[in-house]
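Notes to accompany the following structure.
The values are calculated or read from the model by the stated rules, or taken from the named source; none is laboratory data. As the structure is a prediction and not an experimental result, all values here were calculated from the model. Note: accessible area is taken over every heavy atom of the protein model, side chains too, but ligands, DNA and RNA are not part of it. Shrake-Rupley method; radii C 1.70, N 1.55, O 1.52, S 1.80 Å.
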Amino acid sequence: MVVTIRSLGLSGIRGYEVSAECFLSGGLPAFDIVGLPDAAVREARERVRAAVKNAGVKFPVSRITVNLAPAGQKKAGTIYDLPILVGILAASGDLPQPPAGAAFVGELSLTGTVRSVTGVLPMALAAAKAGIRQLFVPAANAAEATLADGLTVYGVPDVESLARHLRGEVPLEPAPAWVPGEDESALLDLRDVMGQENVKRALEIAAAGGHNLLLIGSPGAGKSMLAKRLPSILPDLAREEALESSGIWSVAGLTDPRHPLLTRRPFRSPHHTTSASALAGGGPAMRPGEISLAHNGVLFLDELPEFRRDALEVLRQPLEDGEVTVARAGGTLRLPARFQLVCAMNPCRCGWRGHPDRRCTCSDRDAARYVEKISGPLLDRIDLHVTVPSVEYDAMRRRETPEDSATVKARVDAARAIQTKRLQGTGAACNAQMTPAQLGEYCRLDEACDTLMKNAFQRLGLTARSHDRILRVARTIADLDASPDITPVHLAEAIQFRNTDILKG
């Protein structure tokens, strides 16, 4: 007798349906799993056998063949333990065959406990699209699975509880839909930063338009402090963005069972020793990298010139396309990577070039060599180049309280609302994502602005990409002022954020 149990698998960050076909036949006892299983899937034989016996159920003494279909798709991980167990017991008559609309996912311990797995959210979303109506998952993953609409989710604590439910003896209670509560962790606030008004203005512009940002200054000027407060003024995540980002984090095993849905934009800050593969993704399990974990959020690279050159060059294509294509021996994987890049760096190796006390020991050539570690194409993709000056003593002793993040965020949200209305139905979410055609429509320049732009283009030696990025920033500044048109004041401010002499060494 062949019993087919519906299950789910992962391909990158996308879920897909898998069928566990279980066949019991005569002959010498054996247990084979086919369908391109990896080592973890093949080892399910021992976990399933021990879990069945420790649950008080007799394991069938026969030749067992389990086929995981589609057989041409590689199967990896421990998520197929539960459907294999249910299929074998249903084929042997120890359990009734589950309903056609039910699917099972979970890892088994030798004692019969069902352990949590990663990637439940994208699998649950795929289950809903495949017409599955009942999803049985580990109890620790139940809250995450309820984020997919249209599913009745059952959290399975152990094999014995599942058997009683399928036999109709003691039904499992459906898991309640997870509802976000109050976030206990508070975001860092801009009011903690004394002075640096020009840099705060740049942060506001970057948050309002989704622009990339580079902070350049001596040690202790507040670059990292300011960058870490950017999330406090970013717009809230939309439901679709939260599900997409949470799915990526789920596959990477970073979600919290108590808070399975990201309610704030991701903020990733990898160390400067991070490899290109860790940034882009891949590896034996083809997992998402840092740039995908920062999708819909911020990727902060502190000490930018200290990163390896090949790691930084990985960022170039995702910054343009909003996705990264990873080709490895295990296959080719396309991952979303629409993130906001924020970088911080010292102006030279010793860090003190341009400091008022003139303590820098680097020659001009040393400073130029340090900056040259960052390629021109990468710098060209960063919209705002901001010099962070050293904080003066009087600014630190100022008695008035600086503007807090909530006030700044209100202006950012108002500007984003203008952009959302303007770009509705175009696929772009903010000014930084506008296409060249949209630039021509929404960033028209009058005669005065055109003259200003032409002079800046020639004087600063701008590229076509720089020209377009300045227009996007100017459009954002105009939106912050609720201005329908870009004026020379808006354009001039955008240009001055592009003119950082220190980058010339």
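At a glance:
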quantity: Distance histogram for segment 354-505 (every C-alpha pair counted, 5 angstrom bins, percent rounded to whole numbers); calculated: 1, 8, 14, 16, 16, 14, 13, 10, 6, 2, 0
quantity: Pair-distance profile P(r), taking every C-alpha pair of segment 67-111, with 10 angstrom steps and integer %; calculated: 24, 52, 24, 0
quantity: Inter-centroid distance (Cα atoms) of segment 42-57 relative to segment 283-334, Å; calculated: 40 Å
quantity: 5 angstrom amide H check on Gly281, placed H, neighbours 5+ away; calculated: Gly289, Glu290
quantity: Estimated 222 nm signal from helices in the chain, with DSSP H stretches of n ≥ 4 weighted -39500 (n - 2.57), rounded to 500; calculated: -10000 deg cm²/dmol
quantity: Gln340 long-range amide H proximity, modeled H, under 5 Å; calculated: Gly297, Val298, Leu299
quantity: Between 0 and 90°, nearest 10: helix 120-129 axis offset from the chain longest Cα axis; calculated: 70 degrees
quantity: nm² value of the averaged projected area, convex hull over the Cα atoms of segment 296-349; calculated: 4.4 nm²
quantity: Accessible area (Å², per residue) of the chain, counting only protein heavy atoms and a probe of 1.4 Å; calculated: 44 Å²
quantity: Span from the segment 112-170 Cα centroid across to the segment 429-457 one, whole angstrom; calculated: 51 Å
quantity: Within the accessible area of the chain (1.4 Å probe), percent carbon and sulfur; calculated: 51 percent
quantity: Value of Rg/Rh across segment 143-203 [Cα atoms, Kirkwood radius]; calculated: 1.43
quantity: Cα-based equivalent ellipsoid of the chain: semi-axis lengths in Å, sorted from largest, via gyration tensor; calculated: 53, 23, 21
quantity: Pairs of alpha carbons in segment 95-254 whose separation is greater than 29 Å (percent); calculated: 41 percent
quantity: Segment 50-182 - Debye-derived log10 I(q)/I(0), Cα point model, q = 0.13, 0.17, 0.19 Å⁻¹; calculated: -0.53, -0.92, -1.15
quantity: Ser11 long-range amide H proximity, modeled H, under 5 Å; calculated: Tyr16
quantity: Dimensionless Rg ratio for segment 214-255, taking C-alpha atoms and the 2.2 N^0.38 Å reference; calculated: 1.65
quantity: Rg over Rh [alpha-carbon atoms, Kirkwood Rh] for segment 177-279; calculated: 0.99
quantity: Convex hull per residue volume in Å³, alpha carbons only, for segment 1-55; calculated: 118 Å³
quantity: Longest to shortest principal axis, alpha-carbon extents of segment 246-336, angstrom; calculated: 39, 32, 23
quantity: Rounded, prolate or oblate (a/c below 1.5 giving rounded, otherwise prolate when a/b exceeds b/c) for segment 1-103 by Cα gyration tensor; calculated: prolate
